[in-house]
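The values are calculated or read from the model by the stated rules, or taken from the named source; none is laboratory data. All values reported here derive from a predicted model rather than from experimental measurement. Neighbour counts are summed over all protein chains in view; Cβ atoms, including those assigned to glycine, are modelled from backbone coordinates with ideal geometry. Ligands, DNA and RNA are excluded from the accessible area calculation, which covers all protein heavy atoms including side chains. Shrake-Rupley method; radii C 1.70, N 1.55, O 1.52, S 1.80 Å.
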Amino acid sequence: MNDTEQQWSAWRSREILIREAGDAAPIPLEIRGVFGAQLDAHIVRRTESTQSAGYGSTLWGMDRHRFVLPSDFNSLRLFRHGGKATFTGLGGWKVRRLAERDVELVAGEMSGEGPWVLRVAEGTKKRLRITWNKGQYAGALTLFGPAFGAGKELSAPNHTHEAISVTGPGYLLLNAQYWSLTTD
């Protein structure tokens with residue numbers, strides 16, 4: 001897990017190198033979009049000779065979303081779309097590399113919108129009861145930690161309500177339009 005905080009911002013599309021050589025832990029990121037515009041964010045694995053894109057999400061307006069950069073990816077690509085006919089949005093986007101202390105611990109009752117990241121403390125075992133998208137369609141829960149730095153999918157496809165056990169330390173990526181959970 002990390003304790004380093006960095007920030008990037010721009011008005012245009014851009015790729016950001018997040019992971020420096022020797023940094024192998026999963027990295028939690030917070031992205032804030034642009035008022036009046038769409039922003040696509042995708043994780044990228046880039047070497048001197050190749051590149052491949054991983055999961056991503058679309059942000060509308062000034063929404064904030066959280067992602068995890070898995071241990072085998074090193075960059076984040078942001079593509080800013082124009083808004084309606086002549087309006088391309090106001091302001092720039094921002095990306096922040098979160099320190100471990102800035103990511104909420106999984107506890108009690110929690111809910112949120114869009115991709116979001118929570119933390120499971122070391123030596124902690126939690127049983128999560130999750131409702132995805134108000135029970136209408138499935139979401140995804142992925143664990144990123146020392147044993148699963150590249151990510152381990154814990155949710156079942158097509159389930160709108162799930163009970164999932166997780167053991168820390170690690171980051172949980174809840175990827176759904178809406179999600180709610182309770183813990184033991």
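Could you tell me which numbered condition Ala147 fails, if it satisfies all but one of (1) of a type in the set (A, V, I, L, M); (2) under 18 Å from the mean Cα position of the chain (by Cα); (3) open to solvent by 30 Å² or more (accessible area, probe 1.4 Å); (4) closer than 23 Å to Gly22 by Cβ?
Of everything listed in (1) of a type in the set (A, V, I, L, M); (2) under 18 Å from the mean Cα position of the chain (by Cα); (3) open to solvent by 30 Å² or more (accessible area, probe 1.4 Å); (4) closer than 23 Å to Gly22 by Cβ, Ala147 misses just condition (2).
Kindly indicate whether any position in the range 29-40 is in contact (Cβ under 8 Å) with a residue 60 or more places away in the chain, in a loop (DSSP other than H, G, I, E, B) and over 14 Å from the mean Cα position of the chain (by Cα). Write out each step before concluding.
If we filter the range 29-40 for residues that are in contact (Cβ under 8 Å) with a residue 60 or more places away in the chain, which is where we start, we get 29-33.
Now narrow it down to the ones that are in a loop (DSSP other than H, G, I, E, B): 33.
Those left that are additionally over 14 Å from the mean Cα position of the chain (by Cα): none.
Checked against the condition, which is being in contact (Cβ under 8 Å) with a residue 60 or more places away in the chain, in a loop (DSSP other than H, G, I, E, B) and over 14 Å from the mean Cα position of the chain (by Cα), the range 29-40 yields no hits at all.
In the range 6-23, what residues are at pLDDT below 90 and open to solvent by 80 Å² or more (accessible area, probe 1.4 Å)?
Result: Trp11, Arg12, Glu20, Ala21, Gly22.
Check the range 86-93 and report whether any residue there is crowded, with 19+ Cβ neighbours inside 10 Å, in a loop (DSSP other than H, G, I, E, B), in contact with a strand residue (DSSP E or B) (Cβ under 6 Å, 6 or more places away or on another chain) and at pLDDT 85 or above.
The answer is no; no qualifying residue exists.
With respect to Leu173, is the statement that it is part of a strand (DSSP E or B), touching a residue at least 40 places away in the same chain (Cβ under 8 Å), under 18 Å from the mean Cα position of the chain (by Cα) and closer than 24 Å to Ala25 by Cα true?
Answer is yes for this residue.
Could you run through the range 7-56 and say how many residues are among the acidic types (Asp, Glu) and more than 16 Å from Trp93 (Cβ to Cβ)?
Within the range 7-56, the first condition is being among the acidic types (Asp, Glu), and the residues that meet it are 15, 20, 23, 30, 40, 48.
Applying the additional criterion that residues be more than 16 Å from Trp93 (Cβ to Cβ) yields 20, 23, 48.
Qualifying residue count for the region: 3.
When you check Thr167 against the structure, is it open to solvent by less than 70 Å² (accessible area, probe 1.4 Å) and β-branched (Val, Ile, Thr), yes or no?
Working: open to solvent by less than 70 Å² (accessible area, probe 1.4 Å): no; β-branched (Val, Ile, Thr): yes.
No.
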